[in-house]
Structure formats: structure tokens, C-alpha cells
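Shown next, in C-alpha cells, is the structure this report addresses.
Bear in mind these aren't lab numbers, they're just calculated from the coordinates by the rules spelled out. None of the values given here were measured: they were computed from a predicted structure. Don't worry about glycine lacking a Cβ; one is built from the backbone with ideal geometry, like all the others, and counts go over all protein chains shown.
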Amino acid sequence: MSVRVSSVFILVFILLLLIAGCGTSDSNEELERVGSVFGSDHDYEHITFVNQTTHDLKFAVDITWRPDKHKTVGSHEANYISIAECYDGDGNKKNFEIYFKKIVDGGADEDLSLNAHRKCGENLYIWHEDGEYKISDDPHIEADLSGCDDDDTKPAVLFAHGYNDSQKAWNYFAQQAKEKGWRVFRTSVSQDGSIKKRAHMLNSYINKAAKQCNIHNGSLRVVGHSMGGLDLRYLVSYYDSENFSAAKKIERVYTIATPHQGDSLGNLASAGSDAARDLRPSHMEEFNKRNPYSEFKVDGKQLPFLAIRFYCMRVPYCDGMVGVDNQIYEKDYYSKAPYSMAVYEGKHFPGAICEISVPAELEQKSIIKMILDDEKALDGDNIYSIPQCYYSDTEGARVCR
């Protein structure tokens, strides 16, 4: 009997989470209050670790007079350790000692014969090369899964992963793109970091990859899934004010199931995550007001953009996480921000609860083919060959074609 009750409770809880996540607004003021009261993590209180090795690593920060803070970060993943005591009594930033352990078979760990120091707000990248571990403040391009292809006669595409994910999420896309003759670039940014933090990490990666791998201005097609699309938007929107020079490399932007209007599930998950707090509808409403599509520009030129929408449930109408209406940059009737006319079948993530069963491989193959084959000239109202909806000045109305 207790098992049955527990099962029912779990099912109801999952359904409530689903409804919250697929909502189009902050449906519960109490959820918003809880989301904003708990947790005080901020980028300046984090040390972010990026594991560019082929095995899991445990990072430990030596906190004087207190137990060390540690976190295990998977291969080719990134995450942060939050530290409250960032400053000493004189107001200077502490320089914390960092220790490393390698996770071996069976879950045991072994000490690595190296250490480093970092202050709050800084990054630490680690990779393995020539038989030894190496550490830097910046990404090592060759250590990422797609490496560095410097043949600039081939087109280039960058994939930006979503919340609580990593560059490994793009394995199938990367394979398909390479088979079609594209150069592929991808990196891992902080899984739980803020949009701003993740955008800064992307900026650093793109700039370094551009120098080493011959990525020219206006040549890089970028694709962001979920929160990755918001990271790309931030990178472009704050191109001037935060000196995001990487935005110059971008040719056009695609977002896949990105919560442009927010995700109400962020109200539940925001207690310990900057990322989740940023994904709340109330935060995204403010973000969109400050960064309208009309200002989505680089050097005064509008950057081509398309939001591709997905669903796997009809009630609520969502992809198992983000409501279809929330996947649009701007809901204003007069907005020129394009979004896909069709709503494609697809899950937000493999474990999403859905009515429609979509084979992951078939879904991914369809998406990447659509994006890479989209070669319409970048002029006039019709920017993309993928059928889209937007407000047309020429026709004085919202059109879908």
C-alpha cells in the first residue's frame, strides 16, 4: 500500500514540475518568492572549474579553519564551487589553494601531483597533454572534443549547450556536421552559472579558437540549445558594453527550444543555481526589455536570428520542459524577431515526459540537416529558407512563410 501511495505522490509531483516548467509566466507568486529568497550564489563568489580531460576529476578548495569545499566535475564538463569567504579582513580577495583528484574505476579517487591557486570569480581549465596535466585561465582549444580544424575553406559551426549540460550533448550533431564538410567548435561552460558568466566563457573560447583555427569575422554559424541560446543572445546584446569581440565572428544565430520568455521551473530550482534564477520568467522579462531584437546587432548591423520551436506534449503545449510560446524571442505582434513557422516534434532532453515518442537520432538528424542546409542569402525580409514567422514592414503585418 505504501509503495502505491509513494508512486502516486511521485507521479503527481513530476506532473506539477512539468506544468510549472511548461508554463508561460510566473504562475505562482509564492514560487517566485521562494526562488528569490533562498540561495545567495553569484558569479563573483564562484571558482569555476572546466575539466578538459577524458576522465572525471574532483576539485577541492582549501578553506582555512573550515572543511575543504569540493566538487566532482565529469569529463568535458564545467561547474563551480561557491565560496562565501572570498575576502580577508582587509577587503582583499583571498587566493585559495586548489587540489585535484582523479576519479578511477569503482568510484575511488587518487591524488594528482599538482595544485594551483584561484580567487573568487576566476576560472580554472585543466587538460592532459604530453603525459602531464596542464592548467590555465583560458580554454585549451585542442583539448575540447572537436579540437581545432584550421581549414578555413570549410564553413564553421559552433554549438552552445544548455543548462546542466555539456559539450557532449552535441556529439551526434558534431558527427553529422563533420560528415557534411563543416568545421565544428564546441566547449563546456558552467552548468549552473549565470547567463552572463556562461556568455563570458563562450566569448573567451570563440576568441581563442578564432586565432588558432582561422575563424574569420562573420563566418561562424552558431546554434544554442535551451539556455545556450540565451548565452549567445547575451554575447551579442552586450557586444559593446562588455567588449564581447567574439560576436564579430558570428554569421547567424539559431536557438533550439530556448526559453526566451523564461521557464517557470526556474522558480523551483533557483535555490542553489544562478542559471535557474536567470531562467525565471520574471528575470527573462526584464532581460528582454533591456535587449530587444531591434538591438540584436554587431557594429550597427542586425544579426540574423531564428528561434526553432519544439513540442512533445499538447497539454501543456511544450517540449517536456519549455512552453512553445516561451521559445519565441518577442511576443509583441510587431516584433521582427523570426521564429519557425512549424513547431517540430522533439523532447527538450532525453528523460522528458512526453505524449509523443520521437526517436532521438531521427529528431537530431532532422534538426542539424535543416540548419546546415539553410543557405538563403542574408538580405531582405526573408533571411532564412526555413519557413518562419515575423513582422514585415513591407506588408505591414505579421507574416508566416
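Which FRET efficiency value, to the nearest 0.05, do you get for His42 and Lys168 by plugging their Cβ-Cβ distance into 1/(1 + (r/R0)^6) with R0 = 22 Å?
After rounding, the FRET efficiency stands at 0.20.
Of Val73, Ala209, Cys86, which is farthest along the charge dipole of the chain in the positive direction, counting Lys and Arg as +1 and Asp and Glu as -1 at C-beta?
Of the candidates, Ala209 comes out farthest on the positive side.
Report the gain in length on full extension from Val315 to Thr72: 0.36 nm times residue separation, minus Cα-Cα distance, nm rounded to one decimal.
Full extension of this stretch gives 83.7 nm more.
Using the C-alpha atoms of the stretch 301-348, what convex hull volume per residue, in cubic angstrom, is computed?
Considering the Cα atoms of the stretch 301-348, their hull volume per residue is 81 Å³.
If only Cα atoms are counted, what is the Rg of the stretch 43-137, and what is its Dmax, in Å?
13.3, 45
When the scattering of the chain is computed by the Debye formula from its Cα atoms alone, each counted once and equally, what is log10 I(q)/I(0) at q = 0.06, 0.09, 0.10, 0.12 Å⁻¹?
-0.24, -0.56, -0.69, -1.00
Would you calculate the separation in nanometres between label points at Lys211 and Thr64, each defined as 7 Å from the Cα along the Cα-to-beta-carbon direction?
Each label point lies 7 Å from its Cα, and together they span 3.5 nm.
Would you mind telling me the antiparallel percentage of the DSSP bridges in the chain, rounded to 5? Kindly include the intermediate steps, with their values, before the conclusion.
On the way: 40 of 67 bridges.
Antiparallel bridges: around 60 percent, rounded to the nearest 5.
Quick one: the Cα spread of the stretch 167-317 along its three principal axes, in angstroms, biggest first?
Result for the stretch 167-317: principal-axis Cα extents of 43, 36, 28 Å.
How long, wide and thick is the stretch 128-198, going by the Cα atoms along their three principal axes, in whole angstroms, largest first?
In descending order, the Cα extents are 32, 32, 19 Å.
How much of the pair distance distribution for the stretch 205-289 lies past 19 Å, counting alpha-carbon pairs only, in percent?
Counting every Cα pair in the stretch 205-289, those more than 19 Å apart make up 45 percent.
Distance cut-off 20 Å, Cα to Cα: go down the list Lys249/Lys365; Lys196/Lys336; Lys119/Lys197; Lys211/Lys248; Lys134/Lys208 and report the pairs above it.
Lys249/Lys365; Lys196/Lys336
Only Lys, Arg, Asp and Glu count, each charged at its Cβ (+1, +1, -1, -1), so figure out the dipole size of the chain about its Cα centre, rounded to 20 debye.
660 debye
Taking R0 as 25 Å, what's the FRET efficiency between Tyr334 and Ser366 from their Cβ-Cβ distance, rounded to 0.05?
Numbers: r = 31 Å, r/R0 = 1.25.
After rounding, the FRET efficiency stands at 0.20.
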